[in-house]
Amino acid sequence: MAPHPSTLLEPHTPPAVTTEPHVIVRGEGLTVWDREGRSYLDATSGMLCTNLGYSQPRLVRAAARQMAELPFFASFAHRTSDVALALADDLARLAPLPMGRTFFANSGAEANDSAFKLAWYYHQCLGRHDRFKILSQERGYHGTTVAAGSATGLDFIHRGFGLPLPSYIQVPCPDPHSALRQGLTEDDFVDRLVDHLERLIAAEGPDTIAAFIAEPILGAGGVIIPPSTYYPRVQEVLARHDILFILDEVVTGFGRTGAMFATTEFDLSPDLITVAKGLSSAYAPISAVLVGRRIMNTIADGSRAIGAFGHGFTYSGHPVAAAVAREALAIVVEEDIPGHVRETAPALMKALADAFHGKDFVRDVRGHGFLAAVTFLTGSGGRQEGEWGSQVMAKAVARGLLVRAVGDTIIVAPPLISTAEQIETMVALLENAYRSALAETD
Ligand code: PLP
């Protein structure tokens, strides 16, 4: 086999690959540049995370200030930093649930792992010693650590690792398109999903299940927007059994849907919310679990018997990451980023619908806020599964546009500062890529 061209073991890349990676060296606003000097409009916001664009000067200054003042101090054994405390206060003011406290970690997956442990600890505090199972959804994405990866409902995250662990159980994906395929009305579809959940809980035993984790809109699984009645009904079932509801707002938090949190927008009442990505606009690795008051009170009481909460990371509440996150949140609030997304999202949907709706080999176009997708008909136009997605993505990149393909779905998730005109330019480049692919169809 030819030698690998670099010493980097690249995430989400086949280790056998022998070609050079595409190397990005600089970013400003919505644009990044590669090593060859080519520029790209980034319609993926990094990985749905650089919400405020690249090289935001306020974020750069906040990081530099904190580096000079206190580059590191651990939050450990009842000693912490002023900036970690201040960020927790900021989040308590913004949080869309009756707040207890905030726990900090470094990535979305770590936040979700932490939420599972908080759910386990909560049940232990109540003397429920068998509550360890975690429910999640097929095609849900919660990260790739052993625990979060087990909750992620995508085969390629499990394959080769013996995942999911045995106590992780997935329920069917609430994809409205599968209702269509089965010839069901949306109400009948939701009835079936809720019935499935009820029967699963009864079969497993409610006293063995700790929590249910889900994204308000499934992002990395291909922008799947569940029917509006789905989560309220799921929530009612969970509450009846005191199975904790963990809402993964790692992508949706801080404006992507056109609200500060999807929790408020969809009128949900989770027990725990996980956030990451947009928390620092991805300028520094930081994530958090927002722990609801009811859960926090139980944990605080119960810990008298169990002892210290034996969970945390060297970098929990890292001062530089916390300072950057404080500044990012300040910008999101001052510039009313959720309001901008709400106002501009119709331009994104219109541009995508004009370019793709009803066009050859296009299954559908959908979106909410700045989280949108085009799905091509799998197997159509003489192509294998996933070929439409990879071909259109490659042609978009060749035209100076970064988009993400998941199978035959192209995800379009512009930075939240994008104007309507910039979004129209992105969609025009994507349409051009599609037309070029179409021209190669027999
Ligand atoms: N949750 C959601 C909804 C995500 O989209 C992601 C990453 O894309 C994660 C969790 C995991 O975040 P991280 O990659 O920071 O571990």
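Taken together, the values in this text are just the output of simple stated rules run on the coordinates, not laboratory data. Predicted, not measured: the structure shown is a model, and the values here were computed from it. Quick reminder, even Gly has a Cβ in these numbers, built from the backbone with ideal geometry, and neighbours come from all protein chains shown.
Structural remarks
- Residue list for the range 335-371, filter: part of a helix (DSSP H, G or I), among the charged types (D, E, K, R) and surrounded by fewer than 16 Cβ atoms within 10 Å (Cβ to Cβ): Glu343, Lys350, Asp354
- Cβ-Cβ under 7 Å pairs, at least 6 apart or on other chains, the range 38-49 side under 16 Å from Val25 (Cα atoms), far side surrounded by fewer than 22 Cβ atoms within 10 Å (Cβ to Cβ) and aromatic (Phe, Trp, Tyr): Ser39/Trp33
- Selection status of Val223, crowded, with 19+ Cβ neighbours inside 10 Å and within 15 Å of the ligand (Cβ to nearest atom): yes
- Taking the criterion of being charged (D, E, K, R) and touching a helix residue (DSSP H, G or I) at 6+ places or on another chain (Cβ under 6 Å), the only residue of the range 263-276 that qualifies is Asp271.
- Of Leu238, Leu247, all but one fail to be within 16 Å of the chain's Cα centre (by Cα) and either part of a loop (DSSP other than H, G, I, E, B) or aliphatic (A, V, I, L, M) (or both); the exception is Leu247.
- Flag set for Ala282, criterion: within 15 Å of the ligand (Cβ to nearest atom) and either touching a helix residue (DSSP H, G or I) at 6+ places or on another chain (Cβ under 8 Å) or in a helix (DSSP H, G or I) (or both).
- Those strands (runs of 3 or more DSSP E) of the range 17-105 in which 1 or more residues are closer than 18 Å to Ser316 by Cα occupy 99-105.
- The number of residues in the range 104-146 that are within 14 Å of the ligand (Cβ to nearest atom), among the hydrophobic types (A, V, I, L, M, F, W, C) and surrounded by fewer than 24 Cβ atoms within 10 Å (Cβ to Cβ) comes to 1.
- Residues (aliphatic (A, V, I, L, M) and either on the phi > 0 side of the Ramachandran plot or away from the ligand (no atom under 16 Å from the Cβ) (or both)) located in the range 285-305: Val291, Ile295, Met296, Ile299, Ala300, Ala305
- Ile217, sole failed condition from (1) β-branched (Val, Ile, Thr); (2) within 22 Å of Ala373 (Cα to Cα); (3) away from the ligand (no atom under 11 Å from the Cβ): (3)
- Within the range 412-439, residues that are over 18 Å from His368 (Cα atoms) have Cβ atoms under 8 Å from residues that are in a helix (DSSP H, G or I) and among the polar types (S, T, N, Q) in these pairs: Ala437/Gln391, counting only partners at least 6 apart in sequence or on another chain.
- So Pro98, is it more than 16 Å from the ligand (Cβ to nearest atom) and free of Cβ contacts under 8 Å to residues at least 24 places away in the same chain: no
- Once the range 265-277 is narrowed to residues that are within 11 Å of the ligand (Cβ to nearest atom) and of a type outside the set (A, V, I, L, M), the residue that is nearest to Ala210 (Cα to Cα) is Thr274.
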